[in-house]
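Participant: Input: one structure, supplied below.
The values are calculated or read from the model by the stated rules, or taken from the named source; none is laboratory data. Everything numeric here is computed off the predicted structure, so don't read it as measured data. Neighbour counts run over all protein chains shown; Cβ positions are idealised from the backbone, glycine included.
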Amino acid sequence: MTGNSTPAVEEIKPKRRSRIREAHETRILAAAEDVFAQFGYNGASVEAIAEQAGLSKQNMLYYFTSKEILYRQVLKTILDLWLEKMTLLEQAGEDPAAMLENYIRGKFEISRTHPNGSKVFANEIINGAPHLKEYLRERLLPQLEADLALVRGWIADGIVDPIEPEHLFFTIWASTQTYADFSAQIELSLGKESLEADDFTRAGDFLTHVILKGIGLKG
């Protein structure tokens, strides 16, 4: 009986440790996202992130051994999330209008749910993407090329006007990320303390209308 029970106990312990580690890492990354968004990479400190996470500095460094490693992980997490939503080829819908609308609304949803992650990413890009350039080349550019090829196919088939597809994507990225990166400006302009879900929905309605009409599509 004893011999049979020991492996079961040993099996449970690593799983429990794994859950604890995952919970701590999630907590630390959320704190780091907030601190990096507020102070930037150079202004953020390991001590400030640990305090925000409610952990000691030593405890936090057990999970992430340096500020740079933690910063890179925050960037990777938000970029991976964006890449999920930023693939036009994978958007639901049987026609270009539906695909583009889902793409636009997906980007707005990320700006709504991860505004600090968006700010961290924006600051990194403004500073020349020193920590992210290779990752962007490896992950973002191949995906963008596939989406550009898709839009060029629509142009060749006469489905959309003969536009430059690169600028279509730049416009969507800039418009959707503005609601996260410059939320204070938009809140002030709208006379609100904070943006609500309905603000993002209405922004999505507007941008979808402008984009579809601008490239000669009907929604």
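Participant: I need the full set of residues from the range 47-60 which are crowded, with 17+ Cβ neighbours inside 10 Å and either free of Cβ contacts under 8 Å to residues at least 24 places away in the same chain or in contact with a Gly (Cβ under 7 Å, 6 or more places away or on another chain) (or both), in order please.
Facilitator: Hits for the range 47-60 are 48, 49, 50, 52.
Participant: Please work out which residue is surrounded by the fewest Cβ atoms within 10 Å (Cβ to Cβ), limiting yourself to the range 145-189 and to residues that are of a type in the set (S, T, N, Q) and over 19 Å from the mean Cα position of the chain (by Cα).
Facilitator: By that ranking, first place goes to 189.
Participant: Further, regarding this structure: Hey, among 174, 146, which residue is closer than 24 Å to residue 83 by Cβ and modelled with pLDDT of 95 or more?
Facilitator: 174
Participant: Ok, one more. Looking at this structure, is residue 203 crowded, with 19+ Cβ neighbours inside 10 Å, of a type in the set (A, V, I, L, M) and in contact with a Ser or Thr (Cβ under 6 Å, 6 or more places away or on another chain)? Steps first, please.
Facilitator: Numbers: crowded, with 19+ Cβ neighbours inside 10 Å: yes; of a type in the set (A, V, I, L, M): yes; in contact with a Ser or Thr (Cβ under 6 Å, 6 or more places away or on another chain): no.
In short, no.
Participant: Taking only pairs six or more apart or across chains, which ones have beta-carbon atoms under 7 Å, a first residue in the range 151-175 that is in the same structural domain as residue 217 (by TED's automatic domain parsing), and a second residue that is among the acidic types (Asp, Glu)?
Facilitator: 169/147
Participant: What are the residues in the range 87-138 that are hydrophobic (A, V, I, L, M, F, W, C) and either in contact with a Lys or Arg (Cβ under 7 Å, 6 or more places away or on another chain) or outside the structural domain of residue 207 (by TED's automatic domain parsing) (or both), if any? Please lay out each step first, then the result.
Facilitator: Restricting attention to the range 87-138, the residues satisfying the condition of being hydrophobic (A, V, I, L, M, F, W, C) are 88-89, 92, 97-100, 104, 108, 110, 120-122, 125-126, 129, 132, 136.
The answer is 97, 110.
Participant: State the number of residues belonging to the range 77-122 that are surrounded by fewer than 16 Cβ atoms within 10 Å (Cβ to Cβ) and within 25 Å of residue 195 (Cβ to Cβ).
Facilitator: Qualifying residue count, the range 77-122: 5.
Participant: Give the residue, chosen from 214, 219, that is modelled with pLDDT of 95 or more and either surrounded by 15 or more Cβ atoms within 10 Å (Cβ to Cβ) or out of contact with any strand residue (DSSP E or B) (no Cβ under 6 Å at 6 or more places or on another chain) (or both).
Facilitator: 214
Participant: Of the numbered conditions (1) under 24 Å from residue 20 (Cβ atoms); (2) in a helix (DSSP H, G or I), residue 42 fails exactly one; give the number of that condition.
Facilitator: (1)
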